[in-house]
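Taking it in order: structure first as structure tokens, then the write-up.
The values are calculated or read from the model by the stated rules, or taken from the named source; none is laboratory data. Bear in mind the structure is a predicted one, so any value in this text is a computation, not a measurement. Reconstructed Cβ throughout: ideal geometry from the backbone, glycine too, with neighbour counts over all protein chains shown.
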Amino acid sequence: MQTASASRWRSVVNTGTRPAKQATAPAAPARAGLGAALARRKPVERLVAEGGTGTGGTLRRSLGMWQLTMISIGATLGTGIFVVLGEAVPKAGPAVVISFVIAGFTALFSALSYAELAGTIPVAGSSYSYAYATLGELVAWICGWCLILEYGVSVAAVAVGWGQYLNELLHGTLGVTLPAALSAPPGGGGIVNVPALLVVLLAMGFLLGGAKESARANTVMVAVKIVSLLLFCAVAFTGIKSGNYAPFMPLGVGGVSAAGATLFFSYIGFDAASTAGEEAKNPQRDLPRAIMLSLLIVTVLYCLVALVAVGAMPWKAFGDVDATLSTIMQQVTGQGFWAVLLALGAVVAIASVVLTVLYGQTRILFAMSRDGLMPKVFSTVHARTGVPRANTVIVSLFCGVLAAVVPLGQLADATSIGTLFAFALVNLAVLVLRRRRPELKRSFRTPFSPVTPLIGFGLCLWMMTSLEFTTWMVFCGWMAVGLVIYFAYGLRRSRLARPEPEK
């Protein structure tokens, strides 16, 4: 549906400038040239007016605040604790707890910016759409391309970890262990990671049923994972040895910083609710609340579990085991039952991360496709289910194959750098939108702006510098591929490259 306000903006969509305040004033003339095309912005009113619309159908507004919060928790809680903790502890030692706090603190500043923009521009594209309204098309493309790396690759990374806990569960219940050739990727001692592929395909099946149905399944899985982590804390607490905390920071501040950058991967899910802006019943009210509440819950649980884990097992042992929390449970109790129970919780928990992050990936591609920057197939909505069906299948198959053949560590770091870059842009977008469009109604305002967004921006850049050189090379290569695609396809096919017909 189109509104009068959106129609008013069509006359200036190619200029990227605000319309004159007087209704009778003539529209600004379109500017020519490559520079103008790269800097063209999509007006907020037009973004909102086009919300929900796709080729062949529309997304359905069926999600309330609680469901949106569960989407963010589902996309976040479990990834760092169940999977990446075992890789972060060897970098920081017992001080990994501080690393979680640093990563969460960094995420908080960006979460505040996300909350403001999600309430102001409640659309499916998340930070891609926010950048399009404030920083121009080229920056929006770069942001969207980073989100594809963030969401798509993190699906694969989490799926790899899911296979580790599935093996633990099968061994504890049936005495069966999947052969390494079929449960690990090349370079990790195997040929293909079948469990990782399987969990992505299962998530795809849920998503094809509809957003509301997927949200219900996710809520159940989130409840299971929270109970599992609280159970771990209660049982593993009995095995804490004070000597395991000394020395507390054996690898120095550099190790804590490096672990924090890796663990930032654990917080990427808090922005998942913003990708559901076009399927929320009351997005202006509920999206900011869901983002902030989910970040608070996961940060508290992460720090609590990490503190108990490093107290119950020497930090040097973390790099030698898979399914870390299950291993700790078995060592503490001397019984396999508790480890199996936790492995069951982890299998369910990590599956919900795959489900919700995959959901976010499809909605970002939906928004980019609707703007003409991606092929139309990604914005084709099934009339009966209200789901971008072809989009979901294509993304799921891509992520599934990636999960089956790429080792976890490389995936996690690649996801972190894409996330940090996108979050940095979101902090800038808040400042730009405050300056260009101060009159817009904001259901949530970032406190102490512009200081807060600037701190968020600086922290994101600082954590990016803590990542390894190889990760930067992968990121630069990914950006180079993205720019080639944009200049070869998106620049010419963008809907802002031509005026919208009046309706």
- Query: Can you spot a residue in the stretch 42-52 that is at pLDDT below 70 and more than 25 Å from the chain's Cα centre (by Cα)?
  - Reply: no
- helices (runs of 4 or more DSSP H) lying entirely in the stretch 275-372 (those with 2 or more residues that are touching a strand residue (DSSP E or B) at 6+ places or on another chain (Cβ under 9 Å) and touching a residue at least 24 places away in the same chain (Cβ under 8 Å)): 283-312, 336-370
- Query: Which number in (1) assigned to a helix (DSSP H, G or I); (2) modelled with pLDDT under 85; (3) crowded, with 16+ Cβ neighbours inside 10 Å marks the one condition that Val222 misses?
  - Reply: (2)
- Query: Considering the stretch 58-103 alone, what residues qualify as being at pLDDT below 85 and among the β-branched types (Val, Ile, Thr)?
  - Reply: Thr58, Thr76, Thr79, Ile81, Val83, Val84
- Message: Tell me yes or no: at least one residue of the stretch 89-99 is touching a residue at least 60 places away in the same chain (Cβ under 8 Å), buried (at least 24 other Cβ atoms within 10 Å of the Cβ), within 21 Å of Pro438 (Cα to Cα) and of a type in the set (S, T, N, Q).
- Response: no
- Task: Please find, among Gly319, Gly360, the residue that is of a type outside the set (Asp, Glu) and surrounded by 19 or more Cβ atoms within 10 Å (Cβ to Cβ).
- Result: Gly360
- Item | Only one of Val253, Val235 that is surrounded by fewer than 24 Cβ atoms within 10 Å (Cβ to Cβ) and within 30 Å of Val430 (Cβ to Cβ) | Val253
- Query: Identify, please: which residue in the stretch 278-327 is of a type in the set (D, E, K, R) and out of contact with any Lys or Arg (no Cβ under 9 Å at 6 or more places or on another chain) and is, among those, nearest to Leu342 (Cα to Cα)?
  - Reply: Asp322
- Task: For Val298, indicate whether it is modelled with pLDDT of 85 or more, surrounded by fewer than 23 Cβ atoms within 10 Å (Cβ to Cβ) and either in contact with a helix residue (DSSP H, G or I) (Cβ under 6 Å, 6 or more places away or on another chain) or hydrophobic (A, V, I, L, M, F, W, C) (or both).
- Result: no
